[in-house]
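**Q** Dumping the structure here so I can ask a few things about it.
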Amino acid sequence: MIIHNNRGFTLLEALIAMVILTIGIVSVISMQATFAKGTVDRTVLNALIDSASSLLNRCQIDTGTPSSVTYTHEGRTITVTRTGSCNPNTDTCNAVSATATDSLTNKTFTISTMICNFN
């Protein structure tokens, strides 16, 4: 009488399970890298938006705002350049733009507004 023991896994079943597990792990690592890059991109974009907005807000308050400002933080340099005058003639408006550029990624962001003088 032959007794068959059907308990356990064959070598082929174990290899297939390892391949499926490896594919799953590689997929998770790939997604994590993609999300990390997206987070850095959003952080840089937020810094550019804040820098450009800050210069335009400063321009609305102070007519002596410089045409270029540089911010440095943790090895990253953001340069904001303003075009247009912060001091329009009486009863007129000027279009003013600020372009922020990140030194590490060379990403830029431009924001525009109208500054008016109704004194």
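Throughout, read-outs are computed from the coordinates displayed, never taken from laboratory work. Note that the structure is a prediction, hence the values are computed from the model and not measured. When we count neighbours, we look across all protein chains shown, and the Cβ atoms used for this are built from the backbone with ideal geometry, even at glycine.
**Q** Using label points projected 7 Å from each Cα along Cα→Cβ, tell me how many nm separate Arg42 and Thr63, to one decimal.
**A** 4.2 nm
**Q** Compute a Gaussian network model of the chain, connecting alpha carbons closer than 10 Å, and tell me which residue from Gly75, Gly38, Gly64 fluctuates the most.
**A** Per the Cα network of the chain with a 10 Å cutoff, Gly75 tops the list.
**Q** So, one more: Would you mind checking the tilt of helix 11-61 against the longest principal axis of the Cα atoms of the chain, expressed as 0 to 90 degrees and rounded to 10?
**A** It works out to around 10 degrees.
**Q** For the pair Ser27/Leu11, report the inter-label distance in nm, with labels modelled 7 Å from Cα in the Cβ direction.
**A** In this crude label model, Ser27 to Leu11 measures out at 2.8 nm.
**Q** At 0.36 nm per residue, and after removing the present C-alpha to C-alpha distance, how many nm does the segment from Ala95 to Met114 gain when stretched out fully?
**A** Working: separation 19, 0.36 × 19 = 6.84 nm, distance 0.46 nm.
Between Ala95 and Met114, full extension yields 6.4 nm more.
**Q** Compute a Gaussian network model of the chain, connecting alpha carbons closer than 10 Å, and tell me which residue from Asp62, Asp50, Asp41 fluctuates the most.
**A** Asp62
**Q** Around Ala100, under 14 Å between beta carbons, what's the net of Lys plus Arg minus Asp minus Glu among the other residues? Don't skip to the end; give the middle numbers.
**A** Numbers: positive: Arg58, Arg76, Arg82, Lys107; negative: Asp50, Asp102.
For residues surrounding Ala100, the net value is +2.
**Q** How big is the antiparallel share of DSSP beta bridges in the chain, given as a percent to the nearest 5?
**A** Numbers: 22 of 22 bridges.
Beta bridges within the chain, antiparallel portion: roughly 100 percent.
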